[in-house]
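Structure record follows, encoded as structure tokens.
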Amino acid sequence: MKFHFVWAAALLLSASCAKQDLSPATPAATAATADVSSAGFPEGFETGTKTAYSTGSVTLSSGSWTLNDALLGNTTSDRKTGSKSARVRNTGSLATNFDLTTGAGVVTVQHAKYGTDATSQWELWASQNGGTFIKKGVTITTSSTALSTASINVNLTGTVRLQIRKTSGGTNRLNFDNITVEQYGGTTPPPPPPVAGDNQHLTMGNPSGAAADISMPTNYLLNKPEYALSYHRDRGTPTWVSWHLDTSWRGSAARQDDFRADNTLPTGWYRVQGTSYSGSGFDRGHNCPSADRTSTVAANSATFLMTNMIPQSPNNNQQTWAALENYSRTLMDRGNELYIIMGVYGRGGTGSAGYAETIDQGRIQVPARVWKVIVVLPVGSNDVSRVSTATRIIAIDTPNQQGLTSNWSQYRTSVDAIEAATGLDVLSALPTSMQQVVEAQVDNGPTN
């Protein structure tokens, strides 16, 4: 039986299932935010002209904006969905000169690196009096040349002004596009789901309805350029990680081995360190593998964030999992694109130092099981609509213990069985009628 999630809905699991503590229930009916953007938005920067970085105002479709060390770019190096986007350098900013009179709930911003520039960071600030601004959300790192969507909870009533401030990266430039602002009526609404078109990491669905909402610490969405995941703050691991794989993600970048804390987690949350697994007997097991992200040094480095890691038994990681990952890339080399979702459930595993339920002084939970679902499609477009009853879907569920071999095929199962064990809706973007068929099947395809 599959559990269909809505934003901030509670999980209901049978007693026989491994319970996943994801998020507190927040009835959608209590939200006073309309499902529409404030007047004048989305802002796509298509109207108006500003070709110099010097500070100045420009009239856009939403109203007058001040662009400081910023301009409206229309070159081939500007990342955009139309003909123009905003381009900001140094510590420049984009600021509204007008009041949003119906408040501001969730603000979404699309962002990307300009041209071949290096990584930079930026923040969203808001004011209710036009003078005193406060930072909203976390500092966001932009490391991709493809437009990514950031969703930030502003949740201010009355009149609101907004500023986007570039905070690091020096002369490296950032593009911003397609800013939306939801009205806000005084209660915290559930954030909207991220937009997930073809070749996105959530194209096949958001298995738990994760959201980038600090009030959901056990189901917190991190939607990175390289992969997306639901992070469980109290376990110190992801519940699931999802990513798209095709030849564009493969190149000659070397393995970076720069295991480190993820500084994009909300302020005040414990951040697992690169050394937190030391002496535990468990590997720092990648979810999205290093070898799936060799297109650039930055892409490979992103896989070494500790939010992408689980305490994995060495045999499970280095034999069973390594063999399946290598086979996945073989499928890609044969003209396919893959959508891969990996996750964990249960408590307690066996590493090289024996059985453990937690490590790092109890701050990281060791999972009992490690699972993966792989959707295999010939390279093409409109991927969700191309999934059929003939589509190959590989699902495996392995014990997190020693003594395993490279024979991953013995752990094949159905997506339905994984969903029953976890309470997730793994391929939630597929039509229900299609899910009922493909998720009941157990793969029996080749293994080499």
Heads up, the strands (runs of 3 or more DSSP E) in region 351-448 (entirely inside) with at least 3 residues that are in contact (Cβ under 8 Å) with a residue 24 or more places away in the chain are 369-378, 392-399
Answer yes if at least one residue in region 279-295 is hydrophobic (A, V, I, L, M, F, W, C) and in contact with a Phe, Trp or Tyr (Cβ under 7 Å, 6 or more places away or on another chain), and no otherwise. yes
Taking the stated definitions as given, is Asp397 of a type outside the set (A, V, I, L, M, F, W, C), in contact with a helix residue (DSSP H, G or I) (Cβ under 9 Å, 6 or more places away or on another chain) and at pLDDT 95 or above? yes
Kindly check whether there is at least one residue in region 304-320 that is part of a helix (DSSP H, G or I), touching a strand residue (DSSP E or B) at 6+ places or on another chain (Cβ under 8 Å) and surrounded by fewer than 20 Cβ atoms within 10 Å (Cβ to Cβ). yes
I'm trying to understand the selection: among the residues of region 276-285, which are surrounded by fewer than 23 Cβ atoms within 10 Å (Cβ to Cβ) and touching a residue at least 12 places away in the same chain (Cβ under 8 Å)? Ser276, Gly279, Ser280, Gly281, Asp283, Arg284
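State which residue is surrounded by the most Cβ atoms within 10 Å (Cβ to Cβ) when the search covers only region 151-202 and only residues that are small (Gly, Ala, Ser) and either more than 21 Å from the chain's Cα centre (by Cα) or at pLDDT 85 or above (or both).
Applying the first criterion (small (Gly, Ala, Ser)) to region 151-202 yields 151, 158, 168-170, 185-186, 196-197.
Now drop any that are not either more than 21 Å from the chain's Cα centre (by Cα) or at pLDDT 85 or above (or both), which leaves 158, 168-170, 185-186.
Numbers: Gly158: 14, Ser168: 15, Gly169: 21, Gly170: 12, Gly185: 13, Gly186: 13.
Filtering region 151-202 for residues that are small (Gly, Ala, Ser) and either more than 21 Å from the chain's Cα centre (by Cα) or at pLDDT 85 or above (or both), the one surrounded by the most Cβ atoms within 10 Å (Cβ to Cβ) comes out as Gly169.
One line per residue, one yes/no per condition, for (1) buried (at least 17 other Cβ atoms within 10 Å of the Cβ); (2) modelled with pLDDT under 95; (3) at positive phi; (4) not assigned by TED's automatic domain parsing to the domain that holds Asp213:
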| position | (1), (2), (3), (4) |
| --- | --- |
| Ser38 | yes, yes, no, yes |
| Phe41 | yes, yes, no, yes |
| Gly44 | yes, yes, no, yes |
| Thr66 | no, no, no, yes |
| Ala86 | yes, no, no, yes |
| Thr101 | no, yes, no, yes |
| Gly105 | yes, yes, no, yes |
| Tyr114 | yes, no, no, yes |
Take Val415 and decide whether it is closer than 22 Å to Ser208 by Cα, at pLDDT 95 or above and surrounded by fewer than 18 Cβ atoms within 10 Å (Cβ to Cβ). no
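Condition check ((1) closer than 24 Å to Gly170 by Cα; (2) in contact (Cβ under 8 Å) with a residue 24 or more places away in the chain) across all residues:
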position: Lys50; (1), (2): yes, no
position: Leu60; (1), (2): no, no
position: Thr66; (1), (2): yes, yes
position: Asp78; (1), (2): yes, yes
position: Val88; (1), (2): yes, yes
position: Thr96; (1), (2): yes, yes
position: Val109; (1), (2): yes, yes
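The values are calculated or read from the model by the stated rules, or taken from the named source; none is laboratory data. Just so it is clear, the structure is predicted and the values come from calculations on it, not from any experiment. Cβ sites come from the backbone with ideal geometry, for glycine too, and all protein chains shown count toward neighbours.
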